[in-house]
Amino acid sequence: MTKPYAAEPRDIFFVSNSVNEMGGITSWSHQMARLFSERGHRVHIVGIVPAPEGRAHELADDVPFATTTLYAEHPPTVRPAQGIRGRLNLVEQRRRAAREAGMHEQAAKMSALFRAAKPGGVVIVTQVWAMEWVALADTAGLTVIGMSHESFDTCRKSSRFGRVKRFYGDVDRMLTLTREDADRWIRQRMDNVGFMPNPLPFFPDMPSDRSRKCVVSIGRLHEEKGVDLLLEAWAKVAPRHPDWTLRIYGSGEEAEALRKQAAELGVTGSVEWMGRTSDVPGALRESAVFALSSRGEGFPLAPMEAMATAVPCVAFDVAPGVHEIITDGEDGLLAPPGNITEFARHLDTLMSDKDLRDTMGEAARENIQRFATAEIVERWESLFALIER
């Protein structure tokens, strides 16, 4: 099927912390870059720093867009000057001066890229840390859009909250992932806020038939992803379902601690540690239930992928994006954040009832199509045209 071409091709820049660091933002930006390229836009992904060691995602050979990484290595971190002693610390003064000079030097590289853009160009800043460099660059004549790929609550608990208000206050549009989060930022007296959901990563021709007795989790083995909570919930349900398996896909710094926890909980025999996978559709086709046990999320891609594969989800309702994707009781089941007992009860409900899994799985596959790529790209095109007027 031929992709529709944009009426007016634009220069579109995505600016992120890194071009290829593993994670949802990289997956999202590369998907959007490819979608825009297919419509005839000229796309360039700019990363501020290289991906951390061990966290680099291998780029495909056929990417239809340009990529640039500004720094050859991560710039030195500096502490904010505190008190008279801090302000008089010559070593820290020199480090701050060197960092600032380096920031201006790298921002000048971006300015050169931006100045080559034709009228109507757009800069989409995916992370507020990267915005600190964009703010120093020459964006004259370009539309600048700043994005927050996390929930308002998650952002508010971090240092990013103040930076969002500072650096996104004057961009042409700040975008959150849900209307609910947009409303909360508007109440922070930011009058340039809108929202844009993530597009569906894929829609497989062959969905799961939900007959294999397997619960699947896909995500980085990091504290925020809550795999420790999932293991506690699994320990409650596994004895009632000795023929079921929990498959955990992903890698990360918590791997060893989580394996130890599984042993302490007595569930080692029913948990399979699958490592990273390059075949997410295949992993989901082999599952009957998907578990999202995160402590925090934005607009998570993994449950969207599961739903597209007709697999119902059990999730902690930790963000507006989660209940925007999953309709509790219709195409999945939601538990209050951190409520392991309720999460386990929902797992048990779906594991015990094939007919319910089928009903919810088919509803999930149908409902998730409201985030189809064509629809989301059209929303972006409409936004570009609106802001440009």
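The values are calculated or read from the model by the stated rules, or taken from the named source; none is laboratory data. In this text, all values refer to a predicted model and were calculated from it rather than measured experimentally. Backbone-built Cβ (ideal geometry, glycine too); neighbour counts: all protein chains shown. The protein model used for the area step is the full one, side chains on, heavy atoms only, and it has no ligands, DNA or RNA in it. Shrake-Rupley method; radii C 1.70, N 1.55, O 1.52, S 1.80 Å.
Numbers below:
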{"read-out": "Candidate aspartates and glutamates - alpha carbon under 15 Å from Lys157, same-chain residues fewer than 8 apart omitted", "value": "Asp181, Glu224, Glu297"}
{"read-out": "Straight-distance crosslink candidates among aspartates and glutamates, where the alpha carbon sits under 20 Å from Lys213 and sequence neighbours closer than 8 are dropped", "value": "Glu232, Asp243, Glu272, Asp279, Glu286, Glu305, Asp331, Asp348, Asp353, Asp355, Asp358, Glu362"}
{"read-out": "Principal-axis tilt of helix 255-265 within the chain, Cα atoms, nearest 10 degrees", "value": "30 degrees"}
{"read-out": "The range 97-187: equivalent-ellipsoid semi-axes (sqrt of 5 x gyration tensor eigenvalues, Cα, Å)", "value": "25, 17, 8"}
{"read-out": "HN-Hα J in Hz across the range 219-231 - Karplus 6.51, -1.76, 1.60, θ = phi - 60°, x for Gly and Pro", "value": "x, 5, 7, 9, 3, 5, 7, x, 5, 5, 5, 4, 5"}
{"read-out": "Radius 13 Å from Cβ of Arg115, net charge of other residues (Lys, Arg +1; Asp, Glu -1)", "value": "0"}
{"read-out": "Helical contribution to [θ] at 222 nm, DSSP H n ≥ 4, -39,500 (n - 2.57), averaged over the chain, rounded to 500", "value": "-12500 deg cm²/dmol"}
{"read-out": "Protein accessible area in the chain, 1.4 Å probe - carbon and sulfur %", "value": "48 percent"}
{"read-out": "Label-point gap, in nm, between Thr327 and Arg379 - each point 7 angstrom along Cα→Cβ", "value": "1.6 nm"}
{"read-out": "Hull shadow area, averaged, the range 278-389 [alpha-carbon convex hull, nm²]", "value": "7.9 nm²"}
{"read-out": "The range 273-377: relative contact order as a whole-number percent, Cα under 8 Å and 6+ apart", "value": "27 percent"}
{"read-out": "Computed over the range 123-187: relative contact order in percent, which uses C-alpha pairs under 8 Å that are six or more apart", "value": "38 percent"}
{"read-out": "Accessible area of Met103 in the full protein assembly, 1.4 Å probe (Å², nearest 10)", "value": "20 Å²"}
{"read-out": "Angle in degrees between helix 373-388 and the longest Cα principal axis of the chain, rounded to the nearest 10", "value": "30 degrees"}
{"read-out": "Inter-part distance where the range 338-389 and the range 46-79 are each reduced to a Cα centre, Å", "value": "31 Å"}
{"read-out": "Stretch gain in nm, segment Lys157-Val91, where the contour uses 0.36 nm per residue and the Cα spacing is subtracted", "value": "20.7 nm"}
{"read-out": "Estimated FRET transfer efficiency when R0 is 51 angstrom, pair Asp61-Ile186 (beta carbons, to 0.05)", "value": "0.75"}
{"read-out": "Cα centroid separation - the range 268-309 against the range 201-251, whole Å", "value": "6 Å"}
